[in-house]
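Reading through the structure tokens given below for one structure.
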Amino acid sequence: GAGMFWGIDGYIYFSPGFGSQGVWRISVNGGEPEQITSVIDSIGENYHTWPQLLPDSKTLLFTALGPSQGSLDSRIIIQRLKSGERKVLIDKAIFGRYLFNGNILFANNEGNIFAIPFNNRKLKIKGEPKAVLSEVNISTAGGAAFLSVSETGNLIFLSRNNNPLNVMEVVDRSGKLIDNDSIPLATLKRIGHGWSSLNISPSGNLIVVTGRSYSSADIWLLNLDTGDTERITFDPSEDEYPVWSPEGNAIAYTSSMTGTT
């Protein structure tokens, strides 16, 4: 799953991952899990993650991810455990964390981290967000910022510069590199900051991949004969794991789109 928090109320709060199940909790002594939040598909929620129990032990903070899995369409939300009442604290944001000093920390797709004052009693934010950090590594799937803040105020994070680009090399059966068939890094950079899920066409001259930017994941084609790239999907959702049809004339893939589509 994506996100787990050990609360002072004797429960562990967790997200099972993609889908419409929301946030759950289970007693630290074991037992049956209990569902706490429910995804609302009609308003574009994809799943709930990064739960955190506030110090009052009555309120849950979490991120409601949209189809893009990033800050483009995600929200930081609080929900009363007893009544189920919920409200949006911050729009177009991911990875909301309550800090020891009463601020809410959150991130955006560009790796910028912000803090905004939060009124515990009224459960409202106040004032304007203040930028506190930049160039933090952000997950393009799951709405995570790779950081953690201690109760004493120390912050540890993973820099975005530590996220290397993958290269794509072709070798013969002895392992010798075939430079002419390998894909130059400059070509792969057009796709975004990374790629995954490589799949070669039955004809052998096309490769379909998941290309990742910091705002979405889309399906791309690479032409091995020309070195050209072509983007196949454009919707603001996680489009992944492409496979070819046996004839090579169609591609199937998974998507995090919400709604009847």
(message) Charges on Cβ only, +1 for Lys and Arg, -1 for Asp and Glu, centred on the Cα centroid of the chain; of ALA217, LEU123, SER74, which one is farthest towards the dipole's positive end?
(response) LEU123
(request) Pairs to check: LYS87/LYS122; LYS58/LYS126; LYS82/LYS122; LYS92/LYS130; LYS58/LYS130. Give those whose C-alpha atoms are more than 18 Å from each other in this structure. (result) LYS58/LYS126; LYS58/LYS130
(message) What distance in nm separates the two pseudo spin-label positions at SER213 and LEU165, each 7 Å out from Cα along the beta-carbon direction?
(response) 1.5 nm
(request) State in Å² the accessible area per residue of segment 128-261; use a 1.4 Å probe, count heavy atoms of protein chains only, and round to the nearest integer. (result) 58 Å²
(request) For segment 95-166, calculate the relative contact order in percent as a whole number, restricting contacts to Cα pairs under 8 Å that are 6 or more residues apart. (result) 24 percent
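Taking the mean number of other Cβ atoms within 10 Å as a proxy for protection, how do you rank 171-179, 3-11 from highest to lowest?
Result, highest mean first: 3-11, 171-179.
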(request) List the residues whose amide H sits under 5 Å from the amide H of ALA2, counting only those 5 or more places along or on another chain, with H placed 1.01 Å from N in the peptide plane. (result) SER15, GLY17
(request) Measure off, as a whole percent, the carbon and sulfur share of the 1.4 Å-probe accessible area of segment 109-199, all protein chains present. (result) 50 percent
(request) For the chain, count all C-alpha to C-alpha pairs, find those more than 21 Å apart, and express that count as a whole percent of the total. (result) 63 percent
(request) Could you work out how far apart the two model spin labels at GLU85 and LEU99 are, taking each label as a point 7 Å from the Cα in the direction of the beta carbon, and quote it in nm? (result) 2.8 nm
(request) Scan around SER71 for amide H atoms under 5 Å from its own, H built in the peptide plane at 1.01 Å from N, and keep only partners 5 or more places away or cross-chain. (result) ASN109
(request) Per residue of segment 43-54, in order, report the coupling 6.51 cos²θ - 1.76 cosθ + 1.60 (Karplus, θ = phi - 60°) as ³J(HN,Hα) in whole Hz, putting x for Gly and Pro. (result) 9, x, 7, 9, 6, 9, 8, 6, x, 8, 7, 6
(request) Determine the distance separating the Cα centre of segment 170-238 from the Cα centre of segment 48-101; give it in Å without decimals. (result) 36 Å
(request) Could you tally the net charge around LEU206, taking each other residue with its Cβ under 12 Å from the Cβ of LEU206, Lys/Arg +1 and Asp/Glu -1? (result) -3
(request) Convert each backbone phi in segment 121-138 into a coupling constant with the Karplus relation 6.51 cos²θ - 1.76 cosθ + 1.60 (shift: θ = phi - 60°), then list the ³J(HN,Hα) values in order as whole Hz, x for Gly and Pro. (result) 6, 8, 6, 9, 7, 9, x, 10, x, 10, 5, 10, 6, 9, 6, 8, 5, 10
(request) Would you mind calculating the relative contact order of segment 1-43 from Cα pairs under 8 angstrom and at least 6 residues apart, reporting the percent as a whole number? (result) 28 percent
(message) Please list 3J(HN,Hα) in residue order for segment 2-8, calculated via the Karplus relation 6.51 cos²θ - 1.76 cosθ + 1.60 where θ = phi - 60°; whole Hz, with x for glycine and proline.
(response) 10, x, 8, 9, 8, x, 7
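The values are calculated or read from the model by the stated rules, or taken from the named source; none is laboratory data. Bear in mind the structure is a predicted one, so any value in this text is a computation, not a measurement. When we count neighbours, we look across all protein chains shown, and the Cβ atoms used for this are built from the backbone with ideal geometry, even at glycine. Quick note on the areas: whole protein, heavy atoms, side chains included, nothing else; ligands and nucleic acids left out. Shrake-Rupley method; radii C 1.70, N 1.55, O 1.52, S 1.80 Å.
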